[in-house]
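Below: one structure, written as structure tokens.
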Amino acid sequence: NAGVTQTPKFQVLKTGQSMTLQCAQDMNHEYMSWYRQDPGMGLRLIHYSVGAGITDQGEVPNGYNVSRSTTEDFPLRLLSAAPSQTSVYFCASSYEQGITEAFFGQGTRLTVV
Amino acid sequence: AQSVAQPEDQVNVAEGNPLTVKCTYSVSGNPYLFWYVQYPNRGLQFLLKYITGDNLVKGSYGFEAEFNKSQTSFHLKKPSALVSDSALYFCAVRSNTGGFKTIFGAGTRLFVKA
């Protein structure tokens, strides 16, 4: 039981490049979400999903896309990276929306130059 | 709209002394409230939650929190701090109505001095 696995752990991108941050969970959780963590701003919700095929926007969705084709995977795509997207990204999953606690991945530290 | 406020960027406490990390929230409907801890270069770990019932909830590592509906607060407490408690603490809230978003506060850094 690996929990929530994020890859890669570190990434450097040039402005304008695209990439996908991977997130997978093996706990059969329905609810998954992506956050970015910036100093002094805590965690801000980017996108979330309440089940396969269903996604919705969070607080800061611009510049990011998500999809949920399976229960296990919830990739986050940066379409055209910008320096403002330099951050630490966390994926989280939980069994029931809001009632049970979330399990977090180890994070992806992304730098856009 | 949901919101969470952690009014202190940093809390300093001596080892053995009680600690409090403050959290206030705003939601429509009834709140589901959570505390998480983050150690350096790690993801967040769950500490405790309030869903319903007793206002005082107990969690991992000797932490507890008190739900106060009239003050819309959910402060994290521990009777006797340890140096190993030094970390970044996040309060989070979700409403039981109108959506599935969990919103986090900005975080409070706790320093426990030996």
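Just a few scattered comments:
- A 1.4 Å probe, protein heavy atoms only, puts the accessible area of B:Phe34 near 10 Å².
- Heavy-atom SASA rank of A:Asp26, A:Asp38, B:Asp9 (probe 1.4 Å, accessible area, largest first): B:Asp9, A:Asp26, A:Asp38
- Under 18 Å from B:Lys77, Cα to Cα: lysines that are on another chain or at least 8 residues apart: B:Lys22, B:Lys49, B:Lys58, B:Lys69, B:Lys113
- In this structure A:Thr20 has an accessible area near 50 Å², from a 1.4 Å probe over the protein heavy atoms.
- Residue with peak Gaussian network fluctuation, chain A [Cα springs, cutoff 10 Å], from A:Ser94, A:Ser67, A:Ser80: A:Ser80
- In plain terms, the chain from B:Asn55 to B:Asn17 could stretch by 11.4 nm, reckoned as 0.36 nm per residue minus the Cα-Cα distance.
The values are calculated or read from the model by the stated rules, or taken from the named source; none is laboratory data. Worth saying up front: this structure is predicted, and the values here are computed from it rather than measured. In case anyone asks, the SASA skips ligands and DNA or RNA and just uses the protein heavy atoms, side chains included. Shrake-Rupley method; radii C 1.70, N 1.55, O 1.52, S 1.80 Å.
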